Amino acid sequence: MDNNDIINKTIQFVKNKLEGAEGGHDWFHIERVYKNSLLIAQDEVCDLMVVKLGALLHDIADSKFHGGDETVGPAVARAFLEQEKLPEGTINHVIKIIENISFKGGKVKQEFTSIELNIVQDADRLDAIGAIGIARAFNYGGFKNRGLYNPNLAPNLNMTKEEYKNSSAPTISHFYEKLLLLKGKMNTVSGRSIAAERHRYMENFLSQFYAEWDGEK
Ligand code: ADP
Ligand code: NI
């Protein structure tokens with residue numbers, strides 16, 4: 001089987017696995033991250049097969065859906081990749097990407113780095129900002145029964161992630177807690193430049209939002 005066949009098979013595998021996944025992590029999220037990854041990879045010297053497989057498999061079994069067990073995703077991916085008879089080096093690298101992608105800068109120290117991981121991580125972050133990022137945030141907020149915005153509740157930037165998750169903070173707070181910070185965390189030059197544009201779009205959205213909230217035209 002050539003690499004193209006393996007990618008097509010991986011696409012089918014991921015689609016099946018994500019059947020019925022919630023809106024923020026469905027197949028279309030993976031497809032967007034895949035496309036963003038290919039776009040960023042054009043400007044980098046990298047192993048394209050690792051980038052493609054990493055993008056397709058990065059959310060294969062989010063620990064959120066497995067009681068926080070971080071080993072399920074990598075194990076599921078490894079079993080699949082071994083079946084496809086890929087070189088051991090490729091398999092190990094893709095697994096490292098899955099293990100390290102959602103590094104949040106928190107408790108766990110990120111101990112692996114590569115250009116391929118940087119590309120997929122940037123691609124994943126791009127999908128959390130801009131128009132898509134705004135849509136995903138309000139979709140998530142609705143799912144969690146959060147309000148849109150509360151003018152009496154100034155965003156508390158000192159909250160920890162846990163405090164924030166358990167708070168009744170409205171969705172607009174998520175912009176200050178996470179979305180507006182992503183631009184500063186990008187790894188690659190092209191990722192940074194796409195993020196800058198999407199960031200501006202979010203800032204425009206917020207100023208329009210506040211203007212409309214206050215009854216301005
Ligand atoms: P990741 O896929 O990077 O692990 P999450 O699973 O935390 O990100 O979030 C998935 C999507 O839901 C992202 O677009 C994110 O911005 C959004 N989201 C996560 N937490 C919140 C929240 N508290 N309020 C609004 N949107 C959120
Ligand atoms: Ni993702």
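Quick notes
- Tabulated pairs, region 4-31, first touching a residue at least 40 places away in the same chain (Cβ under 8 Å), second within 15 Å of ligand 2 (Cβ to nearest atom) and of a type in the set (S, T, Y), C-beta under 9 angstrom, 6+ apart or interchain: I11/Y34; E22/Y140; G23/Y140; G24/Y140
- Check on F143, at pLDDT 95 or above and more than 21 Å from L117 (Cα to Cα): no
- The residues listed here are A128, A77, A135; of these, the one that is buried (at least 20 other Cβ atoms within 10 Å of the Cβ), within 15 Å of ligand 2 (Cβ to nearest atom) and either at pLDDT 95 or above or in the same structural domain as N4 (by TED's automatic domain parsing) (or both) is A77.
- Residue-level analysis places N36 among those that are modelled with pLDDT of 95 or more, of a type in the set (S, T, N, Q) and closer than 21 Å to G133 by Cα.
- Residue match in region 41-50 (condition: part of a helix (DSSP H, G or I) and within 16 Å of ligand 2 (Cβ to nearest atom)): no
- Qualifying residues in region 1-32 (those that are part of a helix (DSSP H, G or I) and of a type in the set (A, V, I, L, M, F, W, C)) - the one surrounded by the fewest Cβ atoms within 10 Å (Cβ to Cβ): F28
- Among (1) at pLDDT 95 or above; (2) over 22 Å from Q42 (Cβ atoms); (3) in contact with a Ser or Thr (Cβ under 9 Å, 6 or more places away or on another chain), the one test that I172 misses: (3)
- Test for A195: is it at pLDDT 90 or above and within 16 Å of ligand 2 (Cβ to nearest atom): yes
The values are calculated or read from the model by the stated rules, or taken from the named source; none is laboratory data. Keep in mind that this is a model prediction, so the values were computed, not measured. Glycine also receives a Cβ, built like all others from the backbone with ideal geometry; neighbour counts cover every protein chain displayed.
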